[in-house]
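Below is one structure, written out as structure tokens; the observations come after it.
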Ligand SMILES: Cc1cc2nc3c(=O)[nH]c(=O)nc-3n(C[C@H](O)[C@H](O)[C@H](O)COP(=O)(O)OP(=O)(O)OC[C@H]3O[C@@H](n4cnc5c(N)ncnc54)[C@H](O)[C@@H]3O)c2cc1C
């Protein structure tokens with residue numbers, strides 16, 4: 001090798017992110033016999049969501065025996081709904097158990113990934129240097145980059161400001177006047193956790209949430225001993241939790257009119273704690289339950305009824321020094337503002353950093369809305385797969401089920417590349433992507449997320465639902481079991497490999513599909 005040629009690292013697969021998605025991908029790669037891979041993580045430890053969200057009260061909304069990997073059951077879950085620290089510890093444990101440490105590259109934020117059309121590989125620029133990979137598995141998370149609204153005058157606020165996903169544990173809230181902005185899943189966990197210690201809590205509520213009772217309890221020593229001694233009981237428990245949620249799906253996707261009785265339970269949950277009719281009116285949603293994520297809490301409403309809490313039924317509109325002004329003109333003084341305002345979901349931040357075959361970024365390609373084939377691959381971005389991509393989210397069950405389905409797809413994708421042999425890449429055909437998304441959007445029309453009369457983070461700027469899967473998790477599992485080569489163009493290097501651009505080659509599958517490359 002000539003001296004001026006730089007030695008650089010090349011891997012078969014680069015996984016980006018080390019939350020459930022990235023770690024799951026790593027386990028699956030090893031199980032498929034692939035060890036030539038790295039996991040690039042911008043932070044200093046694994047855990048993703050469950051590392052970054054350390055706010056008081058942070059916990060899962062799905063029972064732990066379902067919100068965990070099927071291949072790594074945990075008989076020791078301490079509660080039916082585990083807290084953040086237990087889920088984070090579980091992911092550390094998975095990392096050790098499956099020997100993932102040698103693959104992890106911490107403090108390695110991916111800045112840019114560019115498809116090399118000649119060499120058929122990804123060039124990956126991280127803050128620590130560059131590497132190349134045949135395949136990229138992007139698992140940067142659907143809820144990983146906090147979103148703070150652009151509030152006029154926020155710069156003038158003299159107190160403390162932070163987002164729920166970047167909690168400042170050095171800041172003592174005791175006795176302070178705290179403004180909580182937002183009433184989503186994080187806010188309703190934070191409110192009851194901080195209400196007893198703060199001086200005054202003002203909740204800015206743009207839209208009230210439907211909140212169901214949270215059936216949380218400690219898992220007894222006897223149950224845990226049983227799960228340890230008879231592992232089949234853990235599987236049975238998981239199976240029951242899964243089955244109940246699968247049965248609920250039809251109501252969300254096809255018969256939102258059947259959800260009225262669920263609203264009555266939620267109203268009873270509120271009525272038991274909120275006696276003041278004016279406050280009850282403020283907290284009662286005017287849209288169908290399920291349209292926005294149904295929240296679970298048995299402590300949120302009791303906290304709102306406490307004398308040191310005010311609910312402002314309007315979003316934060318402006319900040320004037322230490323005075324917070326709601327959109328309806330209501331004013332409140334605050335020492336600290338906590339934003340529980342969610343994440344960049346439909347404008348997935350990594351998309352800005354991925355440059356495809358035609359030189360456009362994934363964000364540019366998705367300008368009109370995110371679209372992928374079977375939730376994972378995008379036309380013009382060969383050998384690039386997103387874990388929890390477009391329309392893979394769930395309204396009522398565990399995201400780990402969807403992640404594992406996508407990992408089945410990833411495993412088959414890599415098998416297919418091996419079978420094709422040589423230097424090969426798969427690029428989804430635009431028609432296949434369109435067909436898939438047409439089907440998804442047709443099914444979406446009847447769902448509660450589209451018809452329930454709310455605006456939610458499931459919808460993008462144009463009102464299209466590009467986040468939720470409009471079916472059961474079993475259906476998605478079937479749809480992602482195998483890669484159908486007819487849905488892809490097979491790319492191989494052009495004959496004069498060093499100079500020519502790669503070209504699609506006809507395969508038997510192409511012929512079967514009747515599509516020309
Ligand atoms: C507070 C909260 C509660 C939740 N509760 C539930 C629940 O009850 N049930 C449920 O099903 N789901 C829940 N979710 C959704 C949850 O995000 C998913 O279930 C799941 O954890 C997502 O895993 P992930 O690996 O895809 O993403 P994440 O866990 O977000 O991991 C993404 C990783 O990618 C890294 N990363 C991002 N960009 C880059 C980059 N450019 N370079 C390198 N690394 C990068 C991040 O640092 C992070 O470690 C919750 C989310 C939040 C925020």
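Model label sites at residue 166 and residue 435, defined 7 Å from Cα along the beta-carbon direction, differ in position by 4.4 nm. Show me, bin by bin at 10 Å from 0, the whole-percent P(r) of segment 420-469 based on Cα pairs. Reading the bins upward from 0: 21, 40, 21, 12, 6, 0. Both radii were evaluated on the Cα set of segment 246-303; the Rg over Rh quotient, with Rh as the Kirkwood radius, amounts to 1.01. What's the angle, to the nearest 10 degrees (0 to 90), between helix 84-97's Cα axis and the longest principal axis of the chain? Between helix and principal axis, roughly 20 degrees.
If R0 equals 30 Å, the separation of the Cβ atoms of residue 250 and residue 298 corresponds to a calculated FRET efficiency of about 0.65.
Taking only C-alpha pairs under 8 Å that are 6+ residues apart, what is the relative contact order of segment 252-327 in percent? Reported as a whole number, the value is 24 percent.
Average 1/r across all pairs of distinct alpha carbons in the chain, invert it, and you get the Kirkwood radius: 24.5 Å.
Counting 0.36 nm for each residue step from residue 263 to residue 320 and taking away their Cα separation leaves a gain of 16.7 nm.
Modelled this way, with points 7 Å down the Cα-to-C-beta line, the labels at residue 240 and residue 486 are 4.3 nm from one another. Measuring how big segment 47-115 is from its alpha-carbon positions, Rg and Dmax come out at 14.2, 45 Å. Rg/Rh for segment 78-126 stands at 1.22; both radii use Cα atoms, and Rh follows the Kirkwood definition. Full extension of the chain between residue 119 and residue 54 yields a length gain of 19.1 nm, computed as 0.36 nm times the residue separation minus the alpha carbon distance. With coordinates expressed along the principal axes, the C-alpha atoms belonging to segment 130-179 extend over 54, 26, 21 Å, beginning with the largest.
Taking the convex hull of the Cα atoms, report for segment 40-87 its projected area averaged over all directions, in nm².
Convex hull of Cα atoms, orientation-averaged projection: 4.0 nm².
In the frame of its principal axes, segment 177-272 has Cα extents of 51, 38, 22 Å, reported largest first. Output the 0 to 90 degree angle, nearest 10, between the alpha-carbon long axis of helix 430-444 and the longest principal axis computed from the alpha carbons of the chain. Taking Cα atoms only, the helix is inclined about 20 degrees.
Note on residue 97 and residue 367: the extension gain reaches 93.1 nm, defined as 0.36 nm multiplied by sequence separation minus the Cα-Cα distance. How many percent of Cα pairs in segment 76-168 exceed 18 Å? Of all Cα-Cα distances in segment 76-168, 70 percent exceed 18 Å. Computed from label points 7 Å out along Cα-Cβ, the spacing between residue 112 and residue 328 is 4.9 nm. For segment 347-415, the extents of the C-alpha atoms along the principal axes are 35, 31, 16 Å, listed from largest to smallest. The base-10 log of I(q)/I(0) for segment 265-358, evaluated at q = 0.20, 0.21, 0.24 Å⁻¹, reads -1.18, -1.23, -1.34 [Debye formula, identical scatterers on Cα atoms, solvent excluded]. With respect to the chain, whose longest principal axis is taken over its alpha-carbon atoms, helix 185-194 is tilted by about 40°. P(r) tail for segment 351-471: Cα pairs beyond 23 Å make up 33% of the total. Once the mean 1/r over all distinct Cα pairs of segment 158-230 is inverted, what Kirkwood radius in angstroms do you read off? Answer for segment 158-230: a Kirkwood hydrodynamic radius of 15.1 Å.
Computed over the Cα atoms of segment 274-427, the ratio of the radius of gyration to the Kirkwood radius (Rg/Rh) comes to 1.14.
Quick note: the coordinates plus some simple rules give every number you see, no bench work behind them. Just so it is clear, the model here is predicted, and its values are computed rather than measured. We place every Cβ from the backbone using ideal geometry, glycine too, and count neighbours over all the protein chains shown.
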